[in-house]
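The values are calculated or read from the model by the stated rules, or taken from the named source; none is laboratory data. Since this is a predicted model, take the numbers as computed values, not measurements. So basically every Cβ, Gly included, is an ideal-geometry build from the backbone, and we count neighbours across all protein chains shown. Accessible surface is based on the protein model in full, side chains and every heavy atom, while ligands, DNA and RNA are left aside. Shrake-Rupley method; radii C 1.70, N 1.55, O 1.52, S 1.80 Å.
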Amino acid sequence: MKRHIGWIAGAAAAVLVAGGAVTYAVAEDDGSGPSTPSADSADAGFARDMAVHHQQAVEMSYIVRDRTKNEEVRRLAYDIAQTQANQRGMLLGWLDLWGLPKVSADPPMTWMGMGDMASGKDGALMPGMATNTELKKLRTLGGKQAEVLYLQLMTDHHKGGIHMAEGCVAKCAVGVEKRLAQGMVDAQQSEIQLMADMLKERGAKARS
């Protein structure tokens, strides 16, 4: 299991290395799209929404690190928190470079034509996001129970994130952002499989 976690962490790091150097060059890009996206573009919408989505993954990961002593879960949680915090910084940095607001009056996922999917019920602003009630429960559990709920919540979270990232791959115009989105898809699909194995070891399975 340690080998698998290390491989995924390495893959995530490769995505960050590939993207980190382009953070300051993204305004010029590579000629595959407009140099400055508009506020209602898929590029801006994905950057705003995924930054919010990632922030919750970071929050959940730090919660579980305080609720379990299991090294494999703690290592996975740390890897997810670090990767998604760094990617979130890149997405917000691009919005700054483009001179675009980090919030929008439109519902989340409007850029995907799915604004009606984001109900915001109990804090779950986008598909895959945990509710406030689920986060509160995670904070009350410990040991194996915390591990199982975290792995289930993060599996759902990744599935929602992959759906959005695939939307950017299809709709975004800025090449470096499309590549980062594809890297998210690849890494999170691998992590979903890893988490399925970890759940099985604990006599549990994903919720959907």
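At q = 0.11, 0.13 Å⁻¹, what log₁₀ I(q)/I(0) does a Debye calculation on the Cα points of segment 58-208 give, no solvent, two decimals? With one equal scatterer per Cα and no solvent, log10 I(q)/I(0) is -0.46, -0.64.
Of the residues Arg65, Arg179, the one with the largest accessible area comes first in the ranking Arg179, Arg65, computed with a 1.4 Å probe on protein heavy atoms.
Fully extended, how many nm does the chain gain between Ala206 and Asp122 (0.36 nm per residue separation, minus their Cα-Cα distance)?
Gain in length upon complete extension: 28.1 nm.
Using per-residue counts of other Cβ atoms within 10 Å, averaged over each peptide, order 86-96, 167-177 from highest down.
Numbers: 86-96: 18.8, 167-177: 20.7.
The peptides rank, most packed first, as 167-177, 86-96.
On average, how much accessible surface per residue is there in segment 48-94, in Å², for a 1.4 Å probe, leaving out ligands, DNA and RNA?
Details: 1770 Å² over 47 residues.
On a per-residue basis, segment 48-94 sits at 38 Å².
So, with a 1.4 angstrom probe, what is the percent of accessible area on segment 52-199 that is carbon and sulfur? With neighbouring chains kept in place, the figure for segment 52-199 is 52 percent.
With each label modelled as a point 7 angstrom along the Cα→C-beta vector, the Asp106-Ala196 pair spans 3.4 nm.
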